[in-house]
Amino acid sequence: MKPIFVPSLLALSVMIAIAGCSSWAQSNHREDTAQPIRCAPGSKLDIVKIEAFTGMKGVEKNGEYKITVPQNDLNVVVDGFKIIPPMGLGSWAAFTPCGDSAMVMGDIILSETDVKPVQQEVIRQGFAITAIHNHFARNRPNVLYMHIDRTAGIETLSKGVKAIFGKVAEVRGQDPKSAKADSVVNTLDIPALDAILGHKGEMSKGVYKYTIGRPDIRLTEHGIQVSSFMGFNTWAAWQGTPENAAVAGDFTMLENEVSPVIKALVEHGIEVVAVHNHMVHETPKVFFLHYWGTGNAAQLAKGLKAALDQTGREIKH
């Protein structure tokens with residue numbers, strides 16, 4: 001008769017522990033994992049559900065959907081120039097499809113008193129905070145920008161976005177977009193700016209804004225592709241007169257572009273006010289830079305063009 005193997009009490013304990021950990025890991029899978037997520041081809045967002053669960057209307061582009069909340073209630077001034085939503089004062093949350101779920105990335109604008117309660121709400125809703133930073137120096141009042149992301153089902157994401165925007169309104173005592181929208185003076189020579197920069201922009205409330213993508217880079221976050229519409233872009237927003245203009249914006253850069261871009265901007269009299277990340281699990285690693293410039297519009301545009309020429313050089317030569 002063959003002997004019957006009886007595992008020891010210690011071995012049984014180890015086996016049970018391993019099985020339990022495996023079961024726990026499967027049932028408690030973190031949606032913000034760094035492991036790449038594979039999205040089925042042809043995935044589509046259910047925009048009707050997003051609008052129903054958020055109670056908010058957005059804009060659809062190339063199968064993605066973005067909700068923007070202009071911060072009309074924040075009377076921000078920098079060096080005598082009023083900063084209005086088209087100048088970089090609009091909170092947003094954008095959805096991109098991934099199989100039967102989606103990824104949301106967003107940028108939430110906060111006053112100093114908003115920071116703590118809104119952060120707590122973001123975490124309560126299961127979103128990750130991936131960056132907190134400034135866009136300006138000498139801005140009064142002070143405002144901060146908080147980037148968020150999460151991958152989950154449409155209902156979960158939509159209700160989370162609603163709760164986060166709702167917390168901002170609760171803390172401030174009003175919906176930010178309910179305040180009267182303002183405009184600024186713009187008598188700039190737009191054709192001349194277009195010619196210098198080699199791009200065309202869009203006018204809104206007196207702000208002329210360029211949005212420039214990076215088609216040379218296939219950027220992913222958690223393995224999901226991030227488009228220009230989802231915030232992966234360089235932009236420049238203008239107001240003022242030919243002799244007294246203001247430009248604010250953001251550069252997106254690969255690591256070897258950071259130093260040359262900063263050098264070009266500073267040498268042309270444009271302030272670099274922030275260098276930071278927007279994402280955590282992105283591939284390849286990218287950096288974002290915020291700048292602010294005032295003075296002669298043509299000279300500022302030449303400075304921006306010099307900095308732009310330091311990006312995407314691999315596909316230009």
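A short reminder: the numbers here are calculations on the coordinates, not readings from a lab. Keep in mind that this is a model prediction, so the values were computed, not measured. Here the Cβ positions follow ideal geometry from the backbone for every residue, glycine too, while neighbour counts run over all protein chains shown.
Structure above, values below:
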| read-out | value |
| --- | --- |
| Contour excess over end-to-end distance, with Cα ends at D100 and M203 and 0.36 nm allotted per residue | 33.4 nm |
| Distant-in-sequence amide H partners of C98 (H built 1.01 Å from N, under 5 Å) | M103 |
| GNM top mover of Q174, Q125, Q225 - the chain, alpha-carbon springs below 10 Å | Q174 |
| GluC sites (Glu not before Pro) within region 105-162: DSSP coil, no more than 15 neighbouring Cβ in 10 Å | E112 |
| Listed pairs K177/K263; K49/K177; K209/K263; K57/K180 exceeding 27 Å between Cα atoms | K177/K263 |
| Relative contact order (%) - region 271-317, alpha-carbon pairs under 8 angstrom, separation at least six | 31 |
| FRET E, pair V48, T220, Förster distance 41 Å, beta-carbon r, rounded to 0.05 | 0.90 |
| Gain in span if fully extended, Q120 to L144, counting 0.36 nm per residue against the direct Cα distance | 7.1 nm |
